Amino acid sequence: MEYYRSEVTPDPEIPGYRRALMDVFETILLSLVLFLGINAVSSRIRVESISMQPTLYAGNFVLVNKVAYRFGSPSRGDIIVFRYPPDPTQVPYIKRVIGLPGDRIRIADGKVYINDQLFTEPYLTVTTQRGGTWVVPENSLFVMGDNRNNSSDSRSWGWVPIQNIIGKAEVIYWPPQKWSLLNFPSAAAAQP
C-alpha cells in the first residue's frame, strides 16, 4: 500500500488588526450583496388602510414578490401591490385582482359575476353594494378591496395597467400572531 503525503504551505501570518479589518470588510460586503439581492426580488410594505379587511389590517407588514409576474401572469384572487393609476407618484395601493384582460365584470345584488359566471369569494364577509358593469381592456386588470364597501378601487378610478404592478403580496410577516400566506387558491368562477 502506498501512502501519499501532501504538504500545505501555510498562509503568511497576517497581523491580528489587519485580519480583523478584513473580516469586518468581508462581513459588510456580504451584507450589502444580500441586501441588494433581497431588494431586487422582494419588497416590504406596511398596510395603511382598511380596504382589504378582513384579509389585511392597517399596521400589517407584507412581503411582496417583485418577480412573480416576470415569469407568469396575474390570476383572479391574487393580491397585488401597484402604483395608483390616476397618480403613480402616490403611495402604492394593495388590492385583489378580480378581472383579467377581456373579462366582463358585472356586480348585481351584492354578487360579482365574471363573464356571466358567479365569482365565489370565500374571503369576503360583506356583500358588494356598489354595482355596475365593466369590460377590462387589454394589458389591464380590474381590482377591488376585500372590504368592498370601504374601498377605493377599479369601480371608482378604473383599470390597473399591468405595467403599474410592483408585485404580488405573498406573506403577512408582522405582527407575528398574524403570520400567514396570502395567495392560496380561494377564488373561483362557478361553472355553468
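Adding -39500 (n - 2.57) for every DSSP H run of four residues or longer, then dividing by how many residues the chain holds, sets the calculated 222 nm ellipticity at -5000 deg cm²/dmol. Peptides 171-179, 94-102, 50-58, 114-122 ranked from most to least packed give 94-102, 50-58, 114-122, 171-179, packing being the mean of other C-beta atoms within 10 angstrom over each peptide's residues. I'd like the orientation of helix 16-41 relative to the chain: the angle between its Cα long axis and the longest Cα principal axis, in ° from 0 to 90, rounded to 10. So the inclination is approximately 20 degrees. Once C-alpha pairs closer than 8 Å and six or more residues apart are averaged by separation and normalised to the residue number of the stretch 42-189, the relative contact order reads 30 percent. Peptides 137-148, 19-30 ranked from most to least packed, by the mean per-residue count of other Cβ atoms within 10 Å: 137-148, 19-30.
Taking square-rooted eigenvalues a ≥ b ≥ c of the alpha carbon gyration tensor, is the chain rounded, prolate or oblate, where a/c under 1.5 means rounded and, failing that, a/b exceeding b/c means prolate? Note, shape of the chain comes out prolate. Take the alpha carbon gyration tensor of the stretch 42-102, find the square roots of its eigenvalues, order them as a ≥ b ≥ c, and report rounded if a/c is under 1.5; if not, report prolate when a/b exceeds b/c, else oblate. The shape class here is rounded.
No value in this document is a laboratory result; all are computed from the given coordinates. All figures in this text were calculated on a predicted structure; none of them were measured in a lab. Counting neighbours? That spans all protein chains shown, and the Cβs are built from the backbone with ideal geometry, glycine included.
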